[in-house]
Amino acid sequence: MRAVRYLRTGQAADVLEIVDLPVPEPGPREVRVRVHASGVNPHDTKGRSGWTGAQVPPGGIVPHSDGAGVIVAVGPEVSPRRIGERVFVLGARVQGTAAEQVCLPSERAVTLPEMISFAQGASIGVPAFTAWLAVLSDGPVTGQTILVQGGGGAVGRVVVELAHRSGARVIATAGSEASRAVARAKGAEVLLNRHTDDVVAAVMEATDGRGAERIVDVDFGANSTVDIRALALHGTLAAYSSTSERMPVLDYYAFARKSARLDFVQGALLSAVQLADASASISGFLGAGLLLPDIEAVLPLEATAQAHEMVEAGASANIVITPVEQVS
């Protein structure tokens, strides 16, 4: 089968290559999916670039954890009735979805509703499950005020919509008018320019001085000093990245004096209970026609390096590659 692989970290155009690999065989409790679309996430590009510091094994890495396609084979302990099922893939690990076929645990291949395209399905995984972990993993948010730092990004826009659809009032920051327009369309009531607006003052005004019960942050290192000032007593700060500073200094007592809860979330790293709960919740939203991913571009497998470069340049929506010729 055709696949994209890298044997060392570096620039996308320098290290990504198209190769022929053996078709993988599903093990116990696994399925094999013919990949119609593969989603490119920032953590994919960070791993390939070397930013994360992860080592590349001798056989190289086939990137991308998210995808969508059709189950074509099952391993022991999986019902053969799953063969032919349209699914979206979350957290492919041993071998990623930048390939014509991929094997992974059966529970990580989730039924894809018929009205959702494979390209949209390939964009569900990390963004939607990260958003669920940040917003709903510890209970309902009905009536809460939630500040979303980076409300127009690939994850942030899903956070905004999920929080809004779950009964929360959303305040969102973004650096551009286009990103603020996205957050507004997803349900944010208050839109702030993260470069020029006084975020803390705006949150306090909107909450009568209480602060936001929950803050979801795209860049903990850049925003934690603002976040703690904008957070309500006993509030939760859920961060899913810290791109500007991998080892930020944390003001312990600033958080302790508010009895704050810190939650560092990773959408591809869920417990069995979280995976089951999130899958059921997200599937419910998708079945109702909600949380539909926004797609900026769908590119062929040969353009995977270009796809990575687009994500690194700050793509306005999800970038998808197609290991097979047609996306439906």
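The values are calculated or read from the model by the stated rules, or taken from the named source; none is laboratory data. Everything quoted here is computed from the prediction, not taken from an experiment. Quick reminder, even Gly has a Cβ in these numbers, built from the backbone with ideal geometry, and neighbours come from all protein chains shown. Remember, those area values only see protein heavy atoms, side chains included, never the ligands or the DNA or RNA. Shrake-Rupley method; radii C 1.70, N 1.55, O 1.52, S 1.80 Å.
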Measuring from the longest principal axis of the C-alpha atoms of the chain, the long axis of helix 177-186 (C-alpha) lies at a number of degrees, nearest 10, equal to 80
Helix 272-287 sits off the longest principal axis of the Cα atoms of the chain, rounded to the nearest 10 on a 0 to 90 degree scale, by 90
Each label sits 7 Å from Cα toward the beta-carbon; between residue 256 and residue 138 the label points are separated, in nm, by 1.8
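Determine, for each peptide in 130-137, 289-296, the mean count of other beta carbons within 10 angstrom over its residues, then list the peptides with the highest first.
Those peptides, ordered most packed to least, come out 130-137, 289-296.
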Checked against the positive end of the charge dipole of the chain (+1 on Cβ of Lys and Arg, -1 on Cβ of Asp and Glu, about the Cα centre), the farthest of 178, 78, 319 is 78
The farthest towards the positive end of the charge dipole of the chain, of the residues 98, 236, 59, given +1 on Cβ of Lys and Arg and -1 on Cβ of Asp and Glu, is 236
Bridge orientation stat for the chain from DSSP, antiparallel percent rounded to 5, came to 55
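Nothing charged except the Cβ atoms of Lys and Arg (+1) and of Asp and Glu (-1): what's the magnitude of the dipole of the stretch 103-207 about its Cα centre? Round to the nearest 20 debye. Before the final figure, lay out the partial values.
Details: 8 positive and 9 negative charges, 28 e Å.
Dipole magnitude for the stretch 103-207 comes out near 140 debye.
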A 1.4 Å probe over the protein heavy atoms gives the chain a carbon and sulfur accessible-area percentage of 53
In Å², rounded to a whole number, the accessible area per residue of the chain with probe 1.4 Å is 43
Toy charge model, Lys and Arg Cβ at +1, Asp and Glu Cβ at -1: the chain dipole around Cα centroid in debye, rounded to 20, equals 480
For residue 148, other-chain or 5+-apart residues with amide H closer than 5 Å (H placed, Pro excluded) are 171, 172, 173, 216
Tilt, helix 156-165 to longest principal axis of the chain (alpha-carbon atoms), in degrees rounded to tens, equals 70
Bounding extents of the chain in its principal axis frame from Cα atoms, largest first in Å, are 60, 41, 33
When the charge dipole of the chain is computed with +1 at the Cβ of Lys and Arg and -1 at the Cβ of Asp and Glu, the Cα pointing farthest to the positive end, of 27, 191, 116, is that of 27
